[in-house]
Amino acid sequence: MEERWSTEHVLSLAPDAASRKAAGKLSSPASWSATGTDGSALWGECGGNGRTPYRTVVELATPAYTCTCPSRKFPCKHALGLLLFWSGTPGSVPAAEPTDWASDWLTARRERAGLRPVRPEAPADPAAARRRAEKRSARVAAGAAELRLRLTDRIRHGLADRSAGGPWEEVAARMVDAQATGLAARVRELDSTPQQHLLEEYAMLHLLATAATRVDELPAPLAATVRARVGYTTDTADLLSGPTVRDRWHVLGSRTSPMDGGADDRLTTRRLWLRGAKTGRTALLLAFGRPGQAPDLALPTGHVLEADLAFHPGARPLRAVLGTRYGAPEPGPATPPPGLTAAEAVAGYGTAVADDPWLDAWPTVLTATVPVLTPDGWHLTDGRHTLPVHRAATPEPALWRLAAVSTGRPLTVFGEHGHRGFTPVTAWGPDHRPINLTTP
């Protein structure tokens, strides 16, 4: 089965934010012609400013790229756009034999690497798959070891000297070469991390890199968490072919935002949080939309959907994919969901972090809480304890909307609680009607 990459995986390959934005504009069918895939490579033609379209080829296993455009970025926006087009919609790129120009590049590359041409129509070879997995594991471990050395060098020079070693983009590119796209994404964030949070980010990244070099020694659930955060992906079909959880899932809230924040011409991501009525499990569904196209998954907040969910493996399983639905979403209960006190929310996040040290936040329902504005910023209080609001992740209008719903009275609020504070998403007013705080 062809492994279809996730949007996050594709965007993690981008050399910078400008490339991610430009790739989003090239992810629609209108941008491409003469596309095809043989299971091991993609190719297509993309119109540019000249009379001749740019010819783009992506070899998926490494991955490797070529394009006739003059860009010096690697991969260029055309390669990223083609990957987004292919990954976004199954069947968008038809199965075909490589064109002459794609075949010439692929053949030459494989000859240089001493590889035989891939024949996707041949039966799957378990031994070959095992060798590929071992080869990638070795690459990831080598990349993680190099990252540890880079972090040690930066610490040796001192956190105040950000010029030491140059920007982190070069290191991120090395992580992409090592097929550790999750490490690459975290490394890129270091250049924009505030000084006061830099040491903790270094420490958590060093811990992840160390775990990646010893993943075979870890308990299976923690090893799965490390692999996912390093950049390994699991195909949706493979997840759904395994164990699933059937329940009546209460939609706690959703948030849709540009993946790079800002303009309408960028890719958008939608996060939906669910809670099982019988199991009590919390689940996070992710959906993505191209420019001008809303994400294809939408569930109304407060409604209930009976369905099967398949959870990604990990020490603290949260992200899931939606399987079989047993009917349409129905209006949910007339009362808010049960919640926690502020102290219990802190303890709950601590328990989650004990399982997954790299968790930035954990979905939480707070009960009997009131929003208050203090000289130190917004807080949520239950009269005994308070939680600061994560201001960087919470738009100002959402906070004033929350205050307007409360009018000084206790509310039930759903959001994400983490070490930077609480990010409110949904509030239940006096009439028990859920109100999405993230949309006007």
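Laboratory data are not the source of any read-out in this text; all were calculated from the coordinates shown. From a predicted model like this one, the values you see are computed outputs, not experimental measurements. Glycine gets a Cβ as well: all are built from the backbone with ideal geometry, and neighbour counts include every protein chain shown.
Over the chain, what relative contact order in percent results from Cα pairs under 8 Å that are six or more residues apart? Once normalised by length, the contact order is 10 percent.
Shown here for the range 184-236: trypsin sites (Lys or Arg not before Pro) in loop regions (DSSP other than H, G, I, E, B) with at most 15 other Cβ atoms within 10 Å, namely ARG214. In a simple Cβ point-charge model (Lys, Arg +1; Asp, Glu -1; nothing else charged), the range 350-411 has a dipole of about 340 debye relative to its Cα centre. Which of the aspartates and glutamates could a cross-linker bridge to LYS278, judged by Cα under 16 Å and excluding same-chain residues fewer than eight apart? Reachable aspartates and glutamates: ASP247, GLU306, ASP308. Let me have the relative contact order for the range 376-423, percent, based on Cα pairs under 8 Å that are six or more residues apart. The value is 41 percent.
Relative to the current alpha-carbon distance between ALA18 and GLU170, full extension at 0.36 nm per residue lengthens the span by 53.1 nm. Efficiency by 1/(1 + (r/R0)^6): what FRET value for SER33 and ARG384, r their Cβ-Cβ distance, R0 = 45 Å, to the nearest 0.05? Efficiency at R0 = 45 Å is approximately 0.10. Taken about its Cα centre, the chain carries a charge dipole of roughly 220 debye when the Cβ of each Lys and Arg holds +1 and the Cβ of each Asp and Glu holds -1.
Extension gain, ALA96 to ALA328, is 79.8 nm, computed as 0.36 nm per intervening residue step minus the present C-alpha separation. Dimensions of the chain based on its C-alpha atoms, expressed as ranges along the principal axes with the largest first, amount to 70, 57, 47 Å. The distance linking the range 191-248 with the range 4-47 is 25 Å (Cα centroid to Cα centroid, whole angstrom).
Extension gain for the segment ALA404 to GLU200, taken as residue separation times 0.36 nm less the Cα-Cα distance, is 69.9 nm to one decimal.
Taking Cα pairs under 8 Å and at least six residues apart, what relative contact order does the range 126-230 come out at, in percent?
On the way: 86 pairs, mean separation 33.6, N = 105.
Reported as a whole number, the value is 32 percent.
What the Cβ-Cβ distance of GLU396 and ASP360 gives, at R0 = 30 Å and to the nearest 0.05, is a FRET efficiency of 0.90.
Cα centroid distance between the range 294-314 and the range 339-377, in Å? After rounding, the separation between the Cα centres reads 23 Å. Which residues in the range 296-327 place their backbone N less than 12 Å from a point set 7 Å from the Cα of ARG246 along the Cα-to-Cβ direction? Within reach of a label on ARG246: 306-309, 324-327.
Across the range 383-390, computed HN-Hα scalar couplings (Karplus, 6.51 cos²θ - 1.76 cosθ + 1.60, θ = phi - 60°) run x, 10, 9, 10, 10, x, 7, 6 Hz from first to last residue, x flagging Gly and Pro. When the chain is described by a simple charge dipole with +1 on each Lys and Arg Cβ and -1 on each Asp and Glu Cβ, the residue from HIS206, SER406, ALA320 located farthest towards its positive end is HIS206. Computed over the Cα atoms of the range 290-395, pair by distinct pair, the Kirkwood hydrodynamic radius stands at 17.0 angstrom.
Label sites at THR439 and GLU306, each approximated as a point 7 angstrom past Cα along Cα to Cβ, lie 2.6 nm apart. For THR193 and THR89, the FRET efficiency from 1/(1 + (r/R0)^6), where r spans their Cβ atoms and R0 equals 30 Å, is about 0.30. Look at the dipole of the range 7-113 built from charges on Cβ: of ALA22, TRP101, TRP86, the Cα furthest out on the positive end belongs to ALA22.
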